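In what follows, a structure is listed as structure tokens, so that the remarks can point back to it.
A short reminder: the numbers here are calculations on the coordinates, not readings from a lab. Because the structure is a prediction, the values reported are computed rather than measured. Here the Cβ is made from the backbone with ideal geometry for all residues, glycine too, and neighbour counts use every protein chain on show.
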Amino acid sequence: MSSVHVPVMLEDSMLALEIRPDGLYVDGTLGGASHSEELLKRSAPDGKVFSFDVSRKALEAAASKLAPYGKRWTPVEANFRHMDRELIELGVPEGSVDGILLDLGFSSDEIQDPAIGLSFQNDGPLDMRLGPKANEDGLTASDIVNTWPEREIETMIRNFGEERFASRIASAIVQARKAARIVRTLELVSIIRGAVPAGYEQGRIHPATRTFQALRIAVNDELEALKDAIKAAHRMLKPEGRIAIITFHSLEDRIAKLAFKGEGEWEQVTKKPMVPSDQEQNVNPRSRSAKMRIAQKK
């Protein structure tokens, strides 16, 4: 399986980590493997890279792509929130990692895979789990829309999707599920379209964008996973080891910003987040919402 994913801020993230030829690096979100491959190239001849992903498909695809790097590359099927535990089990000592990259975007491969159910443009099961280990309880998007109380659905859509019509959408979902269980992505899209004002479709984004984002965050416990991952990264990094986090919406960016600011465990390398160049944004429109924050372990 070949990847169609275009990596975001590839050069910027490599420069941020100050890669050494014998360093030890972690890619917390393997995805299409572009960042992992670049880490391997730049840490040659002796550098090692551990790549985490909850998607077995991504790991299997990367195994072929990264085979030329041999034992310098180690795939790990686990959530990056557990990177400290997993690395230690693999024999990596605490406080020995030179750099960690977390690209929190979703690869084009994942978005286009109808079996996952992330896309509101293609029909598929309303699942949204990125892999068997994406969450601890097997929760799916279908579980949420069919069993959660209306108030909880509304709160989730408002808080995680920053959707101003959260109340209308939650009410429409609860009404629709009385007739039949909601199990397909396009079924949910139709419900959302019927709940929001007609003028919504004249805006910059699809009317289902924010609700689908909220469901994906809830299913994969993304925000709490990021908080855990930042703590795990601090445990595993060397003093002065660096972490670069590429975020794609304000909720993630706020978590990284709060973790790195002040007189805590981190020193910010850049006070403000970096953003993709105009050229990159023109070539890859999905990069337009990206921000990268860089910090160094004190």
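Data table
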| read-out | value |
| --- | --- |
| Neighbour-count ranking [beta-carbon atoms within 10 angstrom, fewest first] of Arg42, Arg81 | Arg42, Arg81 |
| Residue exposure sequence - Arg254, Arg168, Arg210 - by fewest surrounding Cβ within 10 Å | Arg254, Arg168, Arg210 |
| Alpha carbon centroid spacing (whole Å) that separates the stretch 165-181 from the stretch 267-281 | 40 Å |
| Label-point separation, Arg254 to Arg193 (7 Å along Cα→Cβ), nm | 3.2 nm |
| Cα-centred dipole magnitude for the chain, charges only on beta-carbon of K, R (+1) and D, E (-1), debye, nearest 20 | 540 debye |
| Helix 185-195 axis, angle to the chain major axis (alpha carbon atoms, nearest 10°) | 60 degrees |
| Rounded to 5, the percent of DSSP beta bridges in the chain classed as antiparallel | 40 percent |
| Cα-based helix-to-principal-axis angle, 56-65 vs the chain, degrees rounded to 10 | 40 degrees |
| Sequence-distant lysines (8 or more away, or on other chains) whose Cα lies within less than 18 Å of Lys133 | Lys57, Lys227 |
| Acute angle (nearest 10 degrees) that the helix 150-161 long axis makes with the longest principal axis of the chain, alpha-carbon atoms | 40 degrees |
